[in-house]
Amino acid sequence: MSIHFSQLFWGLLLVILDFSINGIDLLADGVGYLIVAAGCRGLSQLSKKFETARMFCFALGVLWLLGFAVRGDFAILYGLVTMVVNCAMIWRLLGGIGEFAKSRQRQDLADRASNRRVAYVAIMVSTSLLAVAMQGSQNVGPLAI
């Protein structure tokens, strides 16, 4: 079981870290999503939420591939869809971790997982709304979110 949690860690780390040279990402997010999906598969017997998170990981892998073809006006829609699927994946992933913690009589960890999933979604939504609000503003410099 610890190997599956390790897969979650390393997969998410691979997704979070962005090292690029001339616009080419050296750490492929799609591979990270597949590693997280493998971890979720191994943990799916603990909670069905891991199975749902696994499906979202596959969707994110496909979206990552589609991202290479997205240009122009579709980029905003693509970013929104990716953010929603990402939030859903993290929500289910942390929900599964919370259920696992409860089954081990670790209510403190279950509460942390619950709080972190709410915080994650709130941060993602607020930064996305901020980016959309600033879109096209002449007074704001470039912002990397």
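Where a number appears in this text, it was derived from the coordinates with a stated rule and is not lab data. Every value quoted in this text rests on a predicted model; they were computed, and no experiment measured them. Glycine also receives a Cβ, built like all others from the backbone with ideal geometry; neighbour counts cover every protein chain displayed.
Have a look at 132, 118, 81 and tell me which one the Gaussian network model of the chain (Cα, springs below 10 Å) gives the largest fluctuation.
132
Which FRET efficiency, nearest 0.05, do residue 129 and residue 2 yield, Cβ-Cβ r, R0 41 Å?
0.60
Say we join alpha carbon atoms closer than 10 Å with springs in a Gaussian network model of the chain; which of 119, 133, 37 then has the biggest fluctuation?
Its mean-square fluctuation being the largest, the pick is 133.
Quick check: the angle from helix 74-103's long axis to the longest principal axis of the chain, C-alpha only, nearest 10 degrees?
20
Using the Cα centre as the reference, give the magnitude of the dipole from point charges on the C-beta atoms of the chain (Lys, Arg: +1; Asp, Glu: -1; all else neutral), rounded to the nearest 20 debye.
Roughly 560 debye, rounded to the nearest 20.
Compare 20, 126, 103 in a GNM of the chain, Cα atoms joined below 10 Å, and give the one with the largest fluctuation.
20
By how many degrees, 0 to 90 and rounded to 10, does the Cα axis of helix 107-134 deviate from the longest principal axis of the chain?
10
Have a look at 87, 42, 16 and report the one farthest towards the positive end of the charge dipole of the stretch 1-87, computed about the Cα centre with Cβ charges (Lys/Arg +1, Asp/Glu -1).
So the residue we want is 42.
Quick one: Karplus J couplings for the stretch 15-31, per residue in order, coefficients 6.51, -1.76, 1.60, θ = phi - 60°, nearest Hz, x for Gly and Pro?
So the J values, rounded to whole Hz, are 5, 6, 6, 10, 10, 10, 10, 6, x, 9, 6, 6, 10, 5, 4, x, 5.
Among all stretches of the chain without exposed trypsin sites (Lys or Arg not before Pro) (DSSP loop, at most 12 other Cβ atoms within 10 Å), which one is longest?
1-70
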